[in-house]
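Trainee: Once you've had a glance at the structure underneath, I'll fire off some questions.
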Amino acid sequence: MSAIDQYKHTHLGFIECPSSFDFVYSNATRKIAIYELLENIPNGETEFDGKEGDILIGGGSGEAPAFRISLPESLLFFTGDKVEDFDNYEDLFKAFWTPTQAYILCEGFSKVGWTPAIPIEFWLAENSCLLLIDSVERFLGFKIPSLPKSALNFIN
């Protein structure tokens, strides 16, 4: 059972992280689930945080480590709109992985376009938002002609 399973959520799809190393304990999967939270996460949760409507890349303990993307704030930020109440990037997106997990994920994402010139959190948030805008019907309203294509794709 993954940490996400104790909360209301919907599964939007999978992205691939072609790491040479396992990022899920005793599992050779290279798929990372993308979830939309359907409830606010209580303060005591240690695997991730978030509010209803936020996106989680990975489900925490039991699967890939979690990465939270706040919506609609991050969609607005990456499409050039003004974001209110934004003090630092953790207001928009936040990683919940250890240094070892970060190394494993970064090694995989480097094969699909990430480089250390850009913080992995910024790259993953931007590319995840671009993927959602391009692929999920309810986010199509954020699409503008000047947006680049995501380096990520939904996979089966």
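The values are calculated or read from the model by the stated rules, or taken from the named source; none is laboratory data. Please read these numbers as outputs of a predicted model, since none were measured by experiment. Counting neighbours? That spans all protein chains shown, and the Cβs are built from the backbone with ideal geometry, glycine included. Side chains included, ligands, DNA and RNA excluded: accessible areas come from the protein's heavy atoms. Shrake-Rupley method; radii C 1.70, N 1.55, O 1.52, S 1.80 Å.
Trainee: Pulled fully out, how much extra length does the chain show between Glu90 and Ser26, if you take 0.36 nm times their separation in residues and subtract their Cα-Cα distance?
Mentor: Working: separation 64, 0.36 × 64 = 23.04 nm, distance 3.01 nm.
Extra length from Glu90 to Ser26 when fully extended: 20.0 nm.
Trainee: Now, a different point. With a cut-off of at most 16 other beta carbons within 10 Å, and DSSP calling the residue loop, which chymotrypsin sites (Phe, Trp or Tyr not before Pro) in the stretch 1-33 qualify? Please list them. Walk me through the numbers before you get to the answer.
Mentor: Numbers: sites: Tyr7, Phe14, Phe21, Phe23, Tyr25; in loops: Tyr7, Phe21, Phe23, Tyr25.
Taking the stretch 1-33 and a limit of 16 other Cβ atoms within 10 Å, the loop chymotrypsin sites (Phe, Trp or Tyr not before Pro) found are Phe21, Tyr25.
Trainee: Of the trypsin sites (Lys or Arg not before Pro) in the stretch 43-128, which ones lie in a loop per DSSP and count no more than 14 other C-beta atoms within 10 Å? Working shown, then result.
Mentor: Working: sites: Lys51, Arg68, Lys82, Lys94, Lys111; in loops: Lys51, Lys82.
Here the trypsin sites (Lys or Arg not before Pro) that fit, given the DSSP loop and packing criteria, are Lys51, Lys82.
Trainee: Ok, one more. When averaged across all projection directions, what area in nm² does the alpha-carbon convex hull of the chain cover? Walk me through the intermediate numbers first.
Mentor: Working: hull surface 37.0 nm².
Projected over every direction and averaged, the Cα hull of the chain covers 9.2 nm².
Trainee: Among Leu38, Leu92, Leu56, which one moves the most in a GNM of the chain with springs linking Cα atoms closer than 10 Å?
Mentor: Leu38
Trainee: Could you list the residues of the stretch 52-82 with an amide nitrogen less than 19 Å from a label point located 7 Å from the Cα of Gln101 in the Cα-to-C-beta direction?
Mentor: Under cut-off, by backbone N: 54-70.
Trainee: By a straight-distance test (C-alpha under 20 Å), which lysines pair with Lys111 as possible cross-link partners, with residues fewer than eight away in the same chain excluded?
Mentor: Correct list for Lys111: Lys31, Lys149.
Trainee: Size of the dipole of the chain about the Cα centre, Lys and Arg at +1 and Asp and Glu at -1 on the beta carbon, nothing else charged, in debye to 20? If you can, show how the numbers build up before the last one.
Mentor: On the way: 11 positive and 23 negative charges, 122 e Å.
The calculated dipole for the chain is roughly 580 debye.
Trainee: Same structure, new question: Taking a label point 7 Å from the Cα of Ser146 along the Cα→Cβ vector, which residues of the stretch 79-93 have an amide N closer than 13 Å to it?
Mentor: 79-82
Trainee: Report Tyr103's accessible area, 1.4 Å probe, all protein chains in place, as a number in Å² to the nearest 10.
Mentor: 140 Å²
Trainee: Would you calculate, for the chain, the mean residue ellipticity at 222 nm contributed by helices, counting each DSSP H stretch of 4 or more residues as -39,500 (n - 2.57) and dividing by all residues, to the nearest 500? Numbers along the way, then the final one.
Mentor: On the way: 3 runs with 33 residues, N = 156.
The helix contribution divided over the chain gives -6500 deg cm²/dmol.
Trainee: Also: Cα centroids of the stretch 116-151 and the stretch 56-79: how far apart, whole angstrom?
Mentor: The two parts, judged by their Cα centres, are 12 Å apart.
Trainee: Report Glu107's accessible area, 1.4 Å probe, all protein chains in place, as a number in Å² to the nearest 10.
Mentor: Here the residue's solvent-accessible area equals roughly 40 Å².
Trainee: Hey, can you find the accessible area per residue of the stretch 57-120 for me, probe 1.4 Å, expressed in square angstrom? Walk me through the intermediate numbers first.
Mentor: On the way: 3150 Å² over 64 residues.
Value for the stretch 57-120: 49 Å² per residue.
Trainee: Summarise the accessible area of the stretch 68-153 (1.4 Å probe, protein heavy atoms) by the percent that is carbon and sulfur. Display every interim value, and only then the final one.
Mentor: Numbers: 2560 of 4670 Å².
The computed percentage sits at 55.
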